[in-house]
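The block underneath contains the structure these notes are about, expressed in structure tokens.
The values are calculated or read from the model by the stated rules, or taken from the named source; none is laboratory data. None of these values were measured; they are calculated from a predicted model. Note that each Cβ is placed from the backbone with ideal geometry, even for glycine, and that neighbours are counted across all protein chains shown. Just the protein is used for accessible areas: all its heavy atoms, side chains included, with ligands, DNA and RNA removed. Shrake-Rupley method; radii C 1.70, N 1.55, O 1.52, S 1.80 Å.
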Amino acid sequence: MSAPVKKNDRLTVYIEDLTHDGNGVAKIDGYPLFIQGALPDETAEVHVLKTLKNYGFAKMIEIIKPSPDRVEAPCEYFSQCGGCQLQHLSYEGQLKWKENMVRNVMQRIGKIDAPVLPVKGMEEPWQYRNKAQIPFSTDEAGQEIAGFYKTKSHTIVDMERCLIQTGEADVILAELKKELATIGISPYNEDTHEGMLRHVVVRKARATGEVMVVLVTKKKKFPKAEEAVATIQKLVPNVTSIMQNINCDKTNVIFGEETLNLWGKDVIIDTIGDIRFEISARSFYQVNPIQTEVLYQQALDYADLQGDERVIDAYCGIGTISLFLAQKAKAVMGVEIVPQAIEDAKRNAELNGFTNTYFEAGPAEEVIPRWYKEGKEADVLVVDPPRKGCDEALLTTILEQRPKRVVYVSCNPGTLARDLRILEDGGYKTQEIQPVDMFPHSTHCEAVAWLELV
Ligand code: SAH
């Protein structure tokens, strides 16, 4: 295809869709033009910036007919910060778009005709994140800054608040940088690899109100640690844990291997439903606890456990879904590739007094076939894979072993549709798909699919 438009053309276009980055898409004789800030169902005058063989980019000059769902983005940093993509779309509009997106992807990629239900969204889609990872640095004038990164970059947008984070994270964002010079702590500079304070991670357990603050430092020797602790206690009076994590490497990975306790407890305790979880500085934990409960409840409803089932939870992380299922099942076996997460899962099972759970570290596609060989069978199989979806070998095992029900929790509708097609071709039928909005104002959408062997 050769581009039907060229650089510097001005034209009026109709926006049909949104990309994963939140850019509007217009089609000129089938040729996609990506337009930052444009929304579906808008007509806009645009200026072509760049054309490639199969697609191009344009800048919005004027919105001629705005989307009925367009709103003023509530966050003052929205146009610069890479954290949210959809604040210019009303929350209702976001949910509608996500529902259509999931439905279209199911049909286009998987030819899946099961009903896709309206997205379960949040009543109050703000301040939902329970973990803020805030990079600290200095600007060109040497002034301390803290904020979040611009889209696809490591440039920090200096900010005072973030509307999707907790109040405790906002205080750290706005106030800690102002205190650093007085305390005598220098923020880290990624380019020169100098300075002490790299990131501050704030985690909050919604249910108990416990707060952990983790200072990620470049060196283990942290001369002003006591002063830093006193300052954090002053800024966040409800803090229950202050930790230091050491990351000496020239890397953009946030955490290093070693974590030390500076003050208070090593963990915070949160609950999802009736289940308690211990969260340490580095442990994986879902970032939207309110919607996590909605998601897991949906998985539990679809699993429809009567009490005598054996269940496998593949890609189980710290065992959050496993423990939810264990309340209703005869036995749950969880498998996860990260050994530390399996340690957390075992501890969480013990903390809650479960005796019907078993966890093992390893690749699901190798461990589960072995379980079947050892006679450890399952009536219901739950999978919650990363974005790339299920490993093919795992899907093959499912088709060979034929558990009567499969519940597929997915963070990527594209790979979900692909895997559902494989399962349908092998004898399963998708009954229903329930999308859940775990990340309001982003383009991400989780979904739970329910399949029965037919
Ligand atoms: N169910 C958990 C975590 C889901 S995220 C929860 O709800 O919290 C997906 C998980 O799959 C991650 O923890 C990741 O470490 C794990 N993972 C990735 N590849 C894997 C594999 N091949 N086998 C088992 N687990 C894997």
Any pair with Cβ under 6 angstrom, 6 or more apart, that starts in the range 431-454 at a residue that is within 26 Å of CYS75 (Cα to Cα) and ends at one that is among the β-branched types (Val, Ile, Thr) and in a loop (DSSP other than H, G, I, E, B): PRO435/VAL119; ASP437/VAL119
Tally time: how many residues in the range 338-360 are under 22 Å from the mean Cα position of the chain (by Cα) and open to solvent by less than 50 Å² (accessible area, probe 1.4 Å)? 5
Could you tell me which numbered condition VAL214 fails, if it satisfies all but one of (1) of a type outside the set (Phe, Trp, Tyr); (2) in a helix (DSSP H, G or I); (3) in contact with a Ser or Thr (Cβ under 8 Å, 6 or more places away or on another chain)? (2)
Among the numbered conditions (1) of a type outside the set (Phe, Trp, Tyr); (2) farther than 19 Å from TYR372 by Cβ; (3) in contact with a strand residue (DSSP E or B) (Cβ under 7 Å, 6 or more places away or on another chain); (4) touching a residue at least 40 places away in the same chain (Cβ under 8 Å), tell me where ALA349 comes up short. (4)
Per the filter on the range 415-442, residues polar (S, T, N, Q) and crowded, with 22+ Cβ neighbours inside 10 Å are THR430, GLN434
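Determine whether ILE272 is of a type outside the set (Phe, Trp, Tyr), open to solvent by less than 10 Å² (accessible area, probe 1.4 Å) and in contact with a Ser or Thr (Cβ under 7 Å, 6 or more places away or on another chain).
Details: of a type outside the set (Phe, Trp, Tyr): yes; open to solvent by less than 10 Å² (accessible area, probe 1.4 Å): yes; in contact with a Ser or Thr (Cβ under 7 Å, 6 or more places away or on another chain): yes.
Considered against the rule, which asks whether it is of a type outside the set (Phe, Trp, Tyr), open to solvent by less than 10 Å² (accessible area, probe 1.4 Å) and in contact with a Ser or Thr (Cβ under 7 Å, 6 or more places away or on another chain), ILE272 comes out as yes.
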Do we find that ILE368 is within 12 Å of the ligand (Cβ to nearest atom) and of a type in the set (Val, Ile, Thr) in this structure? yes
Among (1) more than 22 Å from the chain's Cα centre (by Cα); (2) surrounded by 19 or more Cβ atoms within 10 Å (Cβ to Cβ) - the single one GLY375 does not satisfy: (2)
Is at least one residue of the range 129-136 basic (Lys, Arg), within 16 Å of ASP170 (Cβ to Cβ) and outside any loop (DSSP other than H, G, I, E, B)? yes
Out of ASP41, ASP17, which single residue is within 15 Å of MET101 (Cα to Cα) and either touching an Asp or Glu at 6+ places or on another chain (Cβ under 9 Å) or among the aliphatic types (A, V, I, L, M) (or both)? ASP41
Take LYS388 and tell me if it is basic (Lys, Arg), open to solvent by 20 Å² or more (accessible area, probe 1.4 Å), under 23 Å from GLU293 (Cβ atoms) and within 16 Å of the ligand (Cβ to nearest atom). no
Any chance ILE318 is of a type outside the set (Gly, Ala, Ser) and more than 14 Å from the ligand (Cβ to nearest atom): no
